[in-house]
Amino acid sequence: MKRPAGVVLLLLAACAGTRLAGQVNLSRSNSTLQGSAEDLLKQPVGENWPSYNGDYTGRRFSILHEIHRGNVAQLRAAWVFHPGNSQRLEATPVVVRGIMYVTSANDVFALDAATGRSLWHYSRPVSSGLLDDAAAHKSRGVGVWEHFVYSETDDAHLLCLDARSGNLVWDVQYADKLKQYGATSAPLVVKDEVIVGTSGGDSGVRGFVAAYDARKGILKWKLWTIPGPGEFGSSSWPGDSYLHGGGTTWMPGTYDPELDTLYWATSNAAPDFDGSSRPGDDLYTACVLAIDPDTGKLKWYFQFTPHDVYDYDANEPPVLVDKEENGTLSHLLIQANRNGFFYVLDRSNGKFLRATPFVDKLNWATGIDASGRPLLSGRIPTKEGTYICPGVVGATNWFSPSYNPNTGLFYVMALEECSVYYSKPKTFTPGETFYATGTKHLPDEHSQKILLALSPSDGKKVWRYPQTGSGNSWGGTLTTAGGLVFFGDDADTIEAVDAETGQPLWHFNTGQSFKASPMTYAVDGVQYVAVCAGSDVFSFALPH
């Protein structure tokens, strides 16, 4: 699609805390700047990347194919943008009609997606008095809808900005930082709602998912992930322990418009590592929840790790895939879980279909039974310490997988690693993290990241691409119709491999470690691949 010459932005008077950069061409109308419902519903994505995972399915697959197996070796850095206020960018950029929106801590930037030039910058100081992940001021991106940009702050405020100027439209506090709530996620816009979650599960909060009116910022519904007294599942939470049970919702969910169902994953139970104060399954921690997006009512749930004492939260993206199973089209939800098993569910009703291990180092369970429950090995954290695999980081984590419908393969960065887990009873104390001791990495433990291609049909590994490094990278994956998988590897390098074979085809060393996942977009018919690495945003394109 041909873009009018120059970068377009409607110049409005900048409010306090917003900086406009330079003179801007006003050649585009207001309406062309708007993100639409059609943009968000488009599957798969093409020139736009309108939400954290690209489209609602979480597949991170793009139909763009200008960059392909035959020419990816020519890929070059097109531009680099340095926000200047964070050494650990975790955002996936969002692009709508040639404008990129990216976050760093509590700041939001609008960039010309073709040049990296800053158009506006909404600035907000980081918050004090936070615990755990919120204290690190992590931010994973924005949601967009019409001419609004939505961002979550470290202290659990939902901001609505004018996409044309960066002006603050409204600011809603949706959780109390004094109760140790924080936020790290990108919001998800569904219909006319902005859906948010919180961090703080290891600080002793009660998790929830909430939806706000996208125009007015008014609360529409709230679903607690830890049931209160008398509610289904509350038997695991004696006394007031439900108020501190964790189950936070610190990554964006996915959405099926046909089934009109929102899928949101939850974190581990609290206190971590010691389950003596929370008997039973500890619903709805380490779960995927199927939610009615209009009412917030729970349709079904599936728990990956009942009574989790390993920090095996389920906040990896639940990916929605349609495949032919036994001669009929099946609507599947697939997830490579932190606990080391690759799950396939029927997303229409939550029925468990199968689970297979995707790492070799796995000893907390011996398998998964026909109902989807783990067959426990008996290894649990102890006062003396227990060697448990996967380790506390998990067999994978929140960094994004991807699924390519052309190859039928699911791509995930896996970690082969174990930890020694320690435990002793822990009483909740306001202002302190709610870890019942912790874990240790043995000096001789060999950790390795491996890019895996898994088949959802049988759970088998089709190919594997071992990484060289210490296993400390947190880079996710992207796949395209050009037959490629892009990912941040374990050597500070963004790489591209053949999506069918895993053969390495291209790499670029950023000199910085990855805590983010790549995305792709197009401007004026030119395809770009962008990723946050360390403190910078990199965008790549073919020579023109």
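Observations, loosely collected:
- Residue in region 310-330 that is part of a strand (DSSP E or B) and closer than 19 Å to residue 266 by Cβ present: yes
- Filtering region 423-462 to residues that are within 30 Å of residue 346 (Cβ to Cβ) and either touching a Gly at 6+ places or on another chain (Cβ under 8 Å) or open to solvent by 60 Å² or more (accessible area, probe 1.4 Å) (or both) leaves 451, 453, 455, 456, 457, 458, 460, 461, 462.
- All of 370, 355 fail the test of being assigned to a strand (DSSP E or B), open to solvent by 10 Å² or more (accessible area, probe 1.4 Å) and at pLDDT 95 or above, apart from 355.
- Residue identified as within 20 Å of residue 185 (Cα to Cα), open to solvent by less than 10 Å² (accessible area, probe 1.4 Å), among the aliphatic types (A, V, I, L, M) and touching a Cys at 6+ places or on another chain (Cβ under 9 Å) among 102, 94: 102
- Filter pass, residue 164 being touching a residue at least 24 places away in the same chain (Cβ under 8 Å), among the basic types (Lys, Arg) and within 27 Å of residue 220 (Cα to Cα): yes
- Yes/no for residue 387 being open to solvent by less than 10 Å² (accessible area, probe 1.4 Å), in a strand (DSSP E or B) and more than 22 Å from residue 53 (Cα to Cα): no
- Leading residue by the ranking (most open to solvent (accessible area, probe 1.4 Å)) among those in region 467-521 that are of a type in the set (Ser, Thr, Tyr), under 19 Å from residue 72 (Cβ atoms) and touching a residue at least 24 places away in the same chain (Cβ under 8 Å): 501
- Test set (1) surrounded by fewer than 22 Cβ atoms within 10 Å (Cβ to Cβ); (2) aliphatic (A, V, I, L, M); (3) assigned to a strand (DSSP E or B) - residue 194 fails condition number: (1)
- Restricting attention to region 205-220 and to residues that are touching a Ser or Thr at 6+ places or on another chain (Cβ under 8 Å) and either assigned to a loop (DSSP other than H, G, I, E, B) or open to solvent by less than 10 Å² (accessible area, probe 1.4 Å) (or both), the residue that is farthest from residue 142 (Cα to Cα) turns out to be 205.
- So residue 283, is it surrounded by fewer than 24 Cβ atoms within 10 Å (Cβ to Cβ) and of a type outside the set (Val, Ile, Thr): no
- Number of the exception - residue 238 against (1) open to solvent by 10 Å² or more (accessible area, probe 1.4 Å); (2) under 21 Å from residue 306 (Cα atoms); (3) touching a strand residue (DSSP E or B) at 6+ places or on another chain (Cβ under 7 Å): (3)
- Scanning region 510-532 for residues being within 17 Å of residue 449 (Cα to Cα) and either of a type in the set (Ser, Thr, Tyr) or in a strand (DSSP E or B) (or both) gives a total of 2.
- When 276, 330, 267 are checked against the criterion of being farther than 23 Å from residue 204 by Cα and either open to solvent by 10 Å² or more (accessible area, probe 1.4 Å) or touching a Ser or Thr at 6+ places or on another chain (Cβ under 9 Å) (or both), 330 stands alone in meeting it.
- Residue 407 assigned to a loop (DSSP other than H, G, I, E, B), modelled with pLDDT of 95 or more and closer than 22 Å to residue 202 by Cβ: no
- Selection over region 106-146 of residues that are under 20 Å from the mean Cα position of the chain (by Cα), small (Gly, Ala, Ser) and open to solvent by 10 Å² or more (accessible area, probe 1.4 Å) gives a count of 2.
- Of the strands (runs of 3 or more DSSP E) lying entirely inside region 224-309, not one is found with 3 or more residues being farther than 24 Å from residue 60 by Cα and over 23 Å from the mean Cα position of the chain (by Cα).
- For region 149-169, the criterion of being among the basic types (Lys, Arg), farther than 13 Å from residue 40 by Cβ and surrounded by fewer than 19 Cβ atoms within 10 Å (Cβ to Cβ) is satisfied by no residue at all.
The values are calculated or read from the model by the stated rules, or taken from the named source; none is laboratory data. All values reported here derive from a predicted model rather than from experimental measurement. FYI the Cβ positions are ideal-geometry reconstructions off the backbone, even for glycines, and counts take in every protein chain you see. All accessible areas refer to the heavy atoms of the entire protein, side chains included, with ligands and DNA or RNA removed. Shrake-Rupley method; radii C 1.70, N 1.55, O 1.52, S 1.80 Å.
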